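Asks: Would you mind keeping the following structure in view while I ask a few things?
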Amino acid sequence: MEYDLVIKAKQLVTLRGGVRVKEKMKELNIIEDGMVAIKDKRISYVGEKKTVNSKEEISTGVAMPSFIDAHTHLLFYGSREDEFEMRIEGLSYNEILKKGGGIWRTVDETKKAGDAEILKVAKERLCYLLEHGTTVVEIKSGYGIDPKEEIRELRLINELKNNSELTIVPTLLAHLKKDKKWLKDFIEIIPFVAYNNLAKFVDSFCDLGALSYEDTDVIFAEAKKYGLGLKAHVGELEDIGCGKLVEKYDLASIDHIVYLDEKSLEQAIKKGTCGVLLPATTFSLMQNHANAKKYIEKGLIVALASDFSPASWISDMQSVISIACRELKMTQAECIAASTINAAYSLGIHNDYGSIEEGKFADITTFDVPNYKWIGYTLGYNHVEIVIKHGKKVLER
Ligand SMILES: [Zn+2]
């Protein structure tokens, strides 16, 4: 048999062995002087180096599953660098929001921009992600607020999905309530979104100043009826009902969880709900960080994501890992497990992505470093050498 591509690595970081919890977060299942062979987009051999026939061969220092960014707001227009300055000077997130800034400003700028303009900047952002080793990304709507605008954003995300080298997972996000009528209007688009396959998940920003537990309950009940997956922004500012949501619904993930009641945590652990931590956001907003060490010790399945948005302009997973090491006190190994196999689990795609194992898609990135610990150890360096997407070399630096 002739393989399409063979990668020989001094350190082949496989992440074989399933989703990571507790102590297992530190086990990356590394093969020293390992080899991975690819045929028809998928991985067909992982193990010791050996001599095989292949159309192409790559030799590298470190090879790992490419990063999976399980939580982004990548589709938006405009920027908010002046608000960042206000935050440095001491204004809170909700104070800026009340001034008509924050999400409202991005909603306005996105609404005014043409489709082509939005797609252009979104494509540039996707290129940047790929250059930094991310090959799967979840993108939420949410800067529409008006249901009609939310549909427009989902259409744009799907246009990116159909024309990108990355795998894109679209999510319909209920971000903020405009008025009393809003919830009823929002609910009405859910069947349309489901029938037209515009989103895999429905997400709700269930937090202070955003949507209540009751609003989220109504949205999730409707989304569940139409077979959509569920995710929730919870505990960024306060835990206002995460445990009840986790108990009532099969959530794919609970994201942010800076604040999480003991009961909510127990419930999430019991149900195997993934906790997606977003340290780049708390770093940018200069807020308290999630208690990652406690979550991992107790047995929560922990993933990391960028939460890239105009509020926190950090989108590469190497930086997210570097921040998680410093601020969340997660080890490099824990961060890598959280950004690959566990991130795949949070999107329900762990049977196809997130590790280097026979049968999975060959989404692999090679890094020009002596060992994987350099990712996390450094900050602001891009160590990516080659990115392979579905068995094809899509980027070489
Ligand atoms: Zn978010």
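The values are calculated or read from the model by the stated rules, or taken from the named source; none is laboratory data. Here the structure is a predicted model, which means the values were calculated and not measured. Here the Cβ is made from the backbone with ideal geometry for all residues, glycine too, and neighbour counts use every protein chain on show.
Asks: Quick one: would you say Ser319 is under 24 Å from Leu75 (Cβ atoms) and within 12 Å of the ligand (Cβ to nearest atom)?
Replies: When the stated conditions are applied, Ser319 does not pass them.
Asks: Name the residue, out of Ile356, Ile314, that is assigned to a loop (DSSP other than H, G, I, E, B), of a type outside the set (Lys, Arg) and within 16 Å of the ligand (Cβ to nearest atom).
Replies: Sole residue among the options that is assigned to a loop (DSSP other than H, G, I, E, B), of a type outside the set (Lys, Arg) and within 16 Å of the ligand (Cβ to nearest atom): Ile314.
Asks: For the range 144-245, please list each of the helices (runs of 4 or more DSSP H) lying entirely inside it that holds at least 2 residues being at pLDDT 95 or above and among the aromatic types (Phe, Trp, Tyr).
Replies: Because the criterion is at least 2 residues that are at pLDDT 95 or above and among the aromatic types (Phe, Trp, Tyr), the helices (runs of 4 or more DSSP H) in the range 144-245 that meet it are 182-195, 213-225.
Asks: I've got another one for you. Just checking, which of Lys329, Lys393, Lys293 is assigned to a loop (DSSP other than H, G, I, E, B) and basic (Lys, Arg)? Outline the logic, then answer.
Replies: Working: Lys393 fails: assigned to a loop (DSSP other than H, G, I, E, B); Lys293 fails: assigned to a loop (DSSP other than H, G, I, E, B).
Within the list Lys329, Lys393, Lys293, the selection yields Lys329.
Asks: To continue, here is another question. Quick one: which residue in Val121, Val136 is among the aliphatic types (A, V, I, L, M), crowded, with 23+ Cβ neighbours inside 10 Å and modelled with pLDDT of 95 or more?
Replies: Going through Val121, Val136 in turn, the sole match is Val136.
Asks: Right, next: In the range 289-333, which residues are among the hydroxyl-bearing types (Ser, Thr, Tyr) and in contact with a Phe, Trp or Tyr (Cβ under 6 Å, 6 or more places away or on another chain)?
Replies: Answer for the range 289-333, where residues must be among the hydroxyl-bearing types (Ser, Thr, Tyr) and in contact with a Phe, Trp or Tyr (Cβ under 6 Å, 6 or more places away or on another chain): just Ser315.
Asks: With (1) surrounded by 18 or more Cβ atoms within 10 Å (Cβ to Cβ); (2) of a type in the set (Phe, Trp, Tyr); (3) more than 16 Å from the ligand (Cβ to nearest atom) as the list, and Phe205 as the residue in question, which single condition is left unmet?
Replies: Only one criterion in (1) surrounded by 18 or more Cβ atoms within 10 Å (Cβ to Cβ); (2) of a type in the set (Phe, Trp, Tyr); (3) more than 16 Å from the ligand (Cβ to nearest atom) is unmet by Phe205, namely (3).
Asks: Any residue at all in the range 285-292 that's in contact (Cβ under 8 Å) with a residue 40 or more places away in the chain, within 16 Å of the ligand (Cβ to nearest atom) and under 21 Å from Asn382 (Cβ atoms)?
Replies: So far as the range 285-292 goes, no, none of its residues is in contact (Cβ under 8 Å) with a residue 40 or more places away in the chain, within 16 Å of the ligand (Cβ to nearest atom) and under 21 Å from Asn382 (Cβ atoms).
Residue-wise test of (1) away from the ligand (no atom under 15 Å from the Cβ); (2) under 21 Å from Phe84 (Cα atoms); (3) surrounded by fewer than 16 Cβ atoms within 10 Å (Cβ to Cβ).
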site	(1), (2), (3)
Asp215	yes, no, no
Ala221	yes, no, yes
Lys224	yes, no, no
Gly229	yes, no, no
His233	no, no, no
Ser253	no, no, no
His256	no, yes, no
Leu260	yes, no, no
Thr282	no, yes, no
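Asks: Does Ile139 count as closer than 30 Å to Lys393 by Cβ, out of contact with any Ser or Thr (no Cβ under 9 Å at 6 or more places or on another chain) and part of a strand (DSSP E or B)? Please lay out each step first, then the result.
Replies: Numbers: closer than 30 Å to Lys393 by Cβ: yes; out of contact with any Ser or Thr (no Cβ under 9 Å at 6 or more places or on another chain): no; part of a strand (DSSP E or B): yes.
Here the answer is no, as Ile139 does not meet what is asked.
Asks: Residues to consider are Ile145, Ile151, Ile103; find the one that is on the phi > 0 side of the Ramachandran plot, among the aliphatic types (A, V, I, L, M) and either within 16 Å of the ligand (Cβ to nearest atom) or under 23 Å from the mean Cα position of the chain (by Cα) (or both).
Replies: Exactly one of Ile145, Ile151, Ile103 is on the phi > 0 side of the Ramachandran plot, among the aliphatic types (A, V, I, L, M) and either within 16 Å of the ligand (Cβ to nearest atom) or under 23 Å from the mean Cα position of the chain (by Cα) (or both), namely Ile145.
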